[in-house]
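**Student:** Pasting a structure below so you can have a look.
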Amino acid sequence: MKNFMTFKNSDLIIFQSPFQAYLFSNYHENIFADGTFYVAPKFSYQLFITRTYVEQFNMFYTTSISILKNKKQATYEALFEEIKKNANKFRSNTLITPINLHCDFEQSISNTAKKVFPEINIKYCVWHYKRSLEKQKNILCFNEE
């Protein structure tokens, strides 16, 4: 497999095959992004995944898998800029502009998306919203944390 690991610095490792970059470059109307902590390697903080929806096939496809050592905005900026750079290679260097980013309520993700893709709309995830409301209810009503 050629060029599967596309970027590495002290805070971030991005895994993206040429096909995944191609998918991001051609099907970027709705991008989905989320991190998970449960399967992250011990040396890192989270595993971060981007996906796209391809309407023609009614399927979601993973467009990158990254290992992040933190949740800093600078780390997300490096991630999004690199994914954007890889995708632009498949569009004769014409800039891609995703229409919607679907993500949780983490400010550093949405702030970064707006910085890297200025025209993007942020669509916050209903599941994460419901989970946050439930957590707040438990804290306020039952003093649970």
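**Student:** In nanometres, what is the gap between the two model label sites at Trp127 and Asn70, each 7 Å from Cα along Cα-to-Cβ?
**Tutor:** Placing both labels 7 Å along Cα→Cβ, they lie 2.9 nm apart.
**Student:** At q = 0.12, 0.21 Å⁻¹, what base-10 log of I(q)/I(0) does the Debye formula yield for region 19-141 when every alpha carbon is treated as an equal point scatterer in vacuo?
**Tutor:** Summing over Cα pairs of region 19-141 leads to -0.46, -1.27.
**Student:** Please state the charge dipole magnitude for the chain, taken about the Cα centre, from unit charges on C-beta atoms (+1 on K and R, -1 on D and E), reported in debye and rounded to the nearest 20. If you can, show how the numbers build up before the last one.
**Tutor:** Details: 18 positive and 13 negative charges, 62 e Å.
Dipole about the Cα centre, nearest 20: 300 debye.
**Student:** Mind listing the long-range amide H neighbours of Lys123? Cut-off is under 5 Å, sequence gap 5 or more, other chains count too, H placed in the peptide plane at 1.01 Å from N.
**Tutor:** Leu101, His102, Cys103
**Student:** Can you return the lysines within cross-link range of Lys115? Criterion is Cα-Cα under 25 Å, with same-chain partners fewer than 8 residues away left out.
**Tutor:** Partners within reach: Lys8, Lys69, Lys71, Lys72, Lys84, Lys85, Lys89, Lys123.
**Student:** In whole percent, what relative contact order does the chain give with Cα contacts below 8 Å and a gap of six or more residues?
**Tutor:** On the way: 249 pairs, mean separation 30.1, N = 145.
Across the chain, relative contact order equals 21 percent.
Readers should treat all values here as calculations from the given coordinates under stated rules, not as data from a laboratory. Computed from a prediction, not measured in an experiment: that's the story for all the values here. Note: ideal-geometry Cβ built from the backbone for every residue, glycine included; neighbour counts use all protein chains shown.
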